[in-house]
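I have placed the structure first, in the form of structure tokens, so that the comments after it can refer back to it.
All of the numbers you see were taken from the coordinates with simple rules; none came from a lab. Quick caveat, the model's predicted, so the values are computed rather than measured. All Cβ positions, even for glycine, are placed from backbone atoms using ideal geometry, and neighbour counts span all protein chains on display.
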Amino acid sequence: MKRLLLLLVLIIFVVAQTGCKSTGAAKSVKTLPQVKKVAVVSLSVSDWGGSVKAGGIGDSMHQTMQKATDGLLTYTEKELAKQFTVTKASSFIGSKGYKGQTEKLTLTAYVPSVGGKPLGVFTSESRSLKRGDLTPAKAMALCKSLGVDGIFLIFSEWGVATGKFVPTNKALTKNIVSLWDASGQKVFTRRVDKVGTRVLGGMGYKAVTPETITEWTDTYKHSLVQILK
């Protein structure tokens, strides 16, 4: 009986200690009064394991994917402008303070082209790109250089969702939005997955084409609206 009581006390103590360790992540961007002016410093879209750039889904898809990615940045900045003052990427894309913090894109992902220059990434590691990871020092340096209170890093993974009973495919995007503030803290991160409405083919068929790509861009947009609530 004494051992059981001691075990319960130990469990309560561990849970209490764990609960005291705050990650600093808010449940909503609307609960962050210190963040009023922001910039999207990274937005990347997965490349189906490199198959688009390799021509695996049709030679014309490279330009289609790039144009779609460019459009996602424009849409994202407009959505953020409903809640924040947004410093657009076009105003800092060529600045030394921004470029000096970025790394060469070595992963198979698309990034927006802004005035002929690619929006940066800050890692060469896939998991870190997806999670919007940064070092606190880089986050602080970027905020200071751009004159903002917070910076957004966004990742969208594109794939297909196959029905369990009827093996047909629909567009699927897995979207992760991360926000770092000027103190070098990741204060918000949220992932929302969305499935499109249009049936795009049977099992094993990657149905992204110039005609169907809006199924992916639209699910990204719907996810973003949900994330920013």
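Structure summary
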{"read-out": "Partner lysines for LYS164 [C-alpha distance under 18 Å; skip if fewer than 8 residues away on the same chain]", "value": "LYS194, LYS206"}
{"read-out": "Normalised per residue, the volume of the convex hull around the Cα set of region 26-227 (Å³)", "value": "114 Å³"}
{"read-out": "Whole-number D in µm² s⁻¹ for region 130-174, Kirkwood Cα-pair radius fed into Stokes-Einstein, 20 °C, 1.002 mPa s", "value": "160 µm²/s"}
{"read-out": "Cross-link pairs LYS37/LYS104; LYS37/LYS67; LYS99/LYS130 - those with Cα-Cα distance over 25 Å", "value": "LYS37/LYS104; LYS37/LYS67"}
{"read-out": "Spin-label model distance (nm) - LYS36 vs LYS144, 7 Å beyond Cα toward Cβ", "value": "2.2 nm"}
{"read-out": "Separation of alpha-carbon centers, region 136-174 and region 71-126, rounded to whole Å", "value": "12 Å"}
